[in-house]
Structure formats: C-alpha cells, structure tokens
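Quick notes on the structure that follows.
What follows draws every value from the coordinates through simple rules; no lab data is involved. Remember, it's a predicted structure, so these values are computed and weren't measured experimentally. Cβ sites come from the backbone with ideal geometry, for glycine too, and all protein chains shown count toward neighbours.
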Amino acid sequence: MDETVAEYIRRTVLKIPRDEIKTMLEKWGLLSETQLQTINFRQIKESISQDVVQLCEENSVDIKQAAVLDIIYNHVYPNKRVWCVYQMKKTGEEAEFFDLTDFKKKFKGRLRSALKNVTINFREYEDNAIWIRIAWGTPYTKPNQYKPSYVVYHSQTPYVFISASVLKSNLPLLCQALVLASNYHDIREMELRSHSLNSLKDIVFKRYSQNFQTHYPRPLQERNVAPKSDLRIIQENRNEKERIERVNREVFGDGPQPKLEFAQYKLETMFKSDPQMDVLDKKEPFRCLVKFSSPHLLESLKSLAPAGMADAPISPLLTCIPQKARNYFKIREKKHFFPESFVSP
Amino acid sequence: MAELQPYNKLPALSCAVLLLVGSDGGLQQRLAEAILREKKNFKINIHLAASLPLPPERDHLRPRIDLVAFMIDIKSKYSLKNVEASLAYVDDSFFLGKVCFLVTGVGRVNYCSVEMNAIRNLGEVYCSPVLFCELEVEGSQVATAQRLLRMLEICAGHVPGVSALSFSSLMRNCADD
C-alpha cells in the first residue's frame, strides 16, 4: 500500500471522535469483522489509527477506497464545512427519468476529459441524496486528498449543495460537469451559505415551519391562567408584550428556525445627509458592508423583540431570509418612484 | 394626563411603590424578585413597564408611585433611546429625588455600547443619581436591591428626617470640588 494512502487513512481516522471510530469503520466495510475485533478501541487515538493503517495494509486498500471513509465522516459531521447552494435550470418541461449510472458516467467523463488527475467517489443515501467527493490535482501533480470538494445532489430537485475546497479555480469545471451529467442547461449560485447542511436543505425544500396568514383565535383559557409570579409585581405593558409575541409568531412561525451563521448586506446606496452638510463631494454610492453573525442567526432574530432589544416587527430585510432563500444581499438604490432602496433579485 | 405625577394620588398606609422602566423585561423581573426577597417592614409593590407613557386604561387602578428607576443596559443603545423617550412623560416634580437611573450590564466591559458620557450627561441634565450594577452577579444583584429598597423607603417617606431631596448629595462628583 502506498505511503500516502497510509498517511491519509491515519489522518482521517484521527479526525473521528474516539467513540465513533468503530461505527464508522463498520460502515466503511473495508475491514472484516475479525479484523475489527483485534483493535482495542479504548486506547488513545494515535494507537487506534496505527492499528487501522496496519490492517488496511493487509487488505491493500487503495486511495479510492480510503476516500470512502472521508465521505462517511463528512456525512456524519457535515457541519464542519461551509456549504453553498446552487440551483440548476432546465429550459425543457419534461421530467426526465433520472438514471444514476448515466449521471455518474457523464460526470466522471466531463471531469476526466478536462483534468486527468482527479479522484472521484460517489455514495448514495436513503433520502435520495448523492454525495460526490472530488479530490483535485493538476496535469502534473497527483490529486490533493486533503482539500476535496463535496457535492450533495438530490436528484429529484434542481438543487446542489457544494462545499468547495480552497481551490476555487475548479469550481467552474465542477459546475459544468454537474449540469452536463444531470441534463440541465444552466446553474447559478444562490446567495445562501451556511455550516448547517440540513438547515440549507430545510430552507430550499421549504421544510421549516412557515408563517401562514391564518387567524389565530385567542383561546378563552388564556385569560384565566393563574399568575405564576409574585402578585406584588405588576406588569404594566402586558398587552404590548402579547402583541410582540403575536407579531413574532406571525413572522417567524412556531417551529425551530433553520440554522444560519451569517447574513451579509452589501449596501450600494447613496449617502443621505443634510444637504447643507455636503459630506460627500461626489454623488456616488456609499459602499458599506453590514454583516450579522451569530451561532444561530434566525433564532436570535426571533428573540430580539421579546427580549426588548428591538421593536417588533423586525425589518423585513432580516425576516425575508428563509423565504427568499438567501443570506447574502446587495442593496441598491431604487431607480423609480420610491425613495427607499430595494433588494436586488 | 399622560405624564406621571408624583403627588396626584393619595398614599396608602405603610406602603411603597416602585416603578421600573426598561426594555429588558427579564432583567426587570429578576431585579423585582430580588427586591421582594429583602427584609422590609412596609408593603411594597413593583410595577414593571417597558416604556412610558403607561397604558391609560389602568390608570385608575394604579397607586401613587414613589420611585421611578429607569433601567439602561449598557450593551444596548436601544435601551438608552427607550429611556430617553420615556423621560418626556415624567412630570418635573419627580426629578426632586424620586427618579434614579440604573445602568446594568457593567460587568461585561467588552460589550459596552453606550458611552459613559451619555449616561453622565443624562444624570446631570435630569438631576438624578446614576447607579451602576451587574445584575447577573449575585452579590451585585443583592446590593442593588438593597440600595433601591432603601431609596424607596426614603422616597415613600418612611424614614423620619430624611426626604428624597437629600439624594442630590449622591450626585456630587469629586472632580467638581
């Protein structure tokens, strides 16, 4: 077995938390049951990885097989990577039957015709998700297994989730291959990025709880609820608090919010100041970038008004994020009648 | 009348009423509970409001308010704006010792969003003492509750010989001399 393969397997095993190593190796299936039993999974990870490498030597594992372990790890821990969402478009209306073998063949063909040194792995999962791992090389160097790109494609939808590696120059080729293999005509990047793959799927597949314009009749028992707090503490603004709760519920819905870490607004609007102050000599757009970051952005926006940190309802620029399925915005001046700026499509 | 008046209602016997005005409801609740836990020999009611003016429909039920404490969270400019807007709805005679500013969240130095100058200015313009506290720390919470309780006692007239007017001595800055 090649030294590089051994080192790669060793490093991949080291990434896995110790309690998960046995399960992942079983899922991997490259080591037999008897071989797995010879490993002591209670020793330190360094030793476990050495044992695994030794057993792989016995089985003569190659790099393509080793890459499968990396896919398994990333499938269980997708939140360690940043995922971008892409949408593919087709001009025809017919829903063609999706042929997985055809897809794989065309995808591999397109990549290999442009770049000889690539490692490509496919793995299908129950929810119709196809995971593709691509390790990129150049015409003169072998593929870099430590900086792979990941693609998650749900064949019944036009959406692709890509976790590009640092080598962004390969992205156009990757997009081309996807479009060709899936029989679409075009692909565009949606301005939607996050660490949480499941949340991105929730947003584009509309799986989160949305606010519907229904009338919530106030149940009578609300008024007869026994006060939980001390009777000597009197809330003066109870009505206002209830209004805030109601508005919040209407805007955000009742269920948990999808998990996003950033919202970025690139402003290209004119600076509006007192004409007498004449701050800017030239009338050009004032470039400004506003970035909101949080471990869980949408939940924190939802709790702003009840916590008394903002007025309810919150600006629609923030609340439109799940509906518009984007968290990177460009705001330009509206050229027509209204003086306020608008959000670009 | 939209303005809060200090003397337009009759006081109740052996009773004192504190009004906390601030945008953070949870913090107000915690402070109110801390005050109620302290030992005192008069009845106390605490009203919590997010802003002024208070809803007029409950005006007839509301007792006379002895002390108004405006809560400003040093981490939130919004809370300062809220307090500044609410100050317009307080009658001038309240500012003779029956108003104080409570600045919370001072333990987290890195997250200060409101400038010290703004707060000092507020205290000077409205001739009212400014108290600093960190309600997330048990010790500071208890100390603040005790201070407010003592101030409330004086404002309600339960301490013979001391009136709310003496609070102006709390505001004298050493640098002024």
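Each label point was placed 7 Å from the Cα along the Cα-to-Cβ direction; for residue A:34 and residue A:249 their separation is 6.4 nm.
Restricting attention to region B:1-88, which chymotrypsin sites (Phe, Trp or Tyr not before Pro) occupy a DSSP loop and are surrounded by at most 15 other Cβ atoms within 10 Å?
On the way: sites: B:7, B:42, B:70, B:78; in loops: B:7, B:42.
Answer by residue number: B:7, B:42.
Only Lys, Arg, Asp and Glu carry charge here, each on its Cβ (+1 for the first two, -1 for the last two); on that basis region B:15-176 has a dipole of about 320 debye about its Cα centre.
Considering only the other residues whose Cβ falls under 11 Å of the Cβ of residue A:248, what net charge follows from Lys and Arg at +1 and Asp and Glu at -1? Before the final figure, lay out the partial values.
On the way: positive: A:241, A:243, A:246, A:249, A:302; negative: A:242, A:245, A:250, A:254.
Net local charge, residue A:248 excluded: +1.
Legend: mean number of C-beta atoms from other chains within 10 angstrom of residue C-beta atoms, peptide A:233-243, equals 6.
Eight or more residues apart or on different chains, and alpha-carbon atoms under 23 Å: count the Lys pairs in chain B matching that. List each step's numbers first, then the result.
Working: B:9/B:43; B:9/B:98; B:39/B:98; B:40/B:98; B:43/B:98; B:81/B:98.
Total qualifying Lys-Lys pairs in chain B comes to 6.
Between the Cα long axis of helix A:45-59 and the first principal axis of chain A there is an angle of about 50°, rounded to the nearest 10. Divide the volume of the convex hull around the Cα atoms of region A:1-119 by the residue count and you get 156 Å³ per residue.
How big is the dipole moment of chain A about its Cα centre under a simple scheme where the beta carbon of each Lys and Arg is +1, that of each Asp and Glu is -1, and everything else is neutral? Debye, nearest 20, please. Intermediate results must be reported in sequence, preceding the final value.
Working: 53 positive and 43 negative charges, 128 e Å.
About 620 debye.
The distance from the alpha carbon centre of region B:14-61 to that of region B:109-123 is 24 Å, rounded to a whole number. Using alpha carbons only, the radius of gyration of region B:15-176 set against its Kirkwood radius gives Rg/Rh = 0.93. For region B:34-129, a crude dipole built from +1 on the beta carbon of Lys and Arg and -1 on the beta carbon of Asp and Glu, taken about the Cα centre, is about 460 debye to the nearest 20. Taking the inverse of the mean reciprocal distance over all distinct Cα pairs, the Kirkwood hydrodynamic radius of chain A comes to 24.3 Å.
Across chain A, where is the longest run that never hits GluC sites (Glu not before Pro) in a DSSP loop with at most 15 other C-beta atoms within 10 Å?
Values: sites that count: A:93, A:94, A:96, A:126, A:333, A:340.
Here the longest run is A:127-332.
Using the 10 angstrom Cβ neighbour count as an exposure proxy, how do A:105, B:75 rank, fewest first?
On the way: A:105 12, B:75 18.
Ascending Cβ contact count within 10 Å gives the list A:105, B:75.
Residues whose amide H comes within less than 5 Å of that of residue A:233, counting only those at least five positions distant or on another chain, are B:46 (H built at 1.01 Å from N in the peptide plane).
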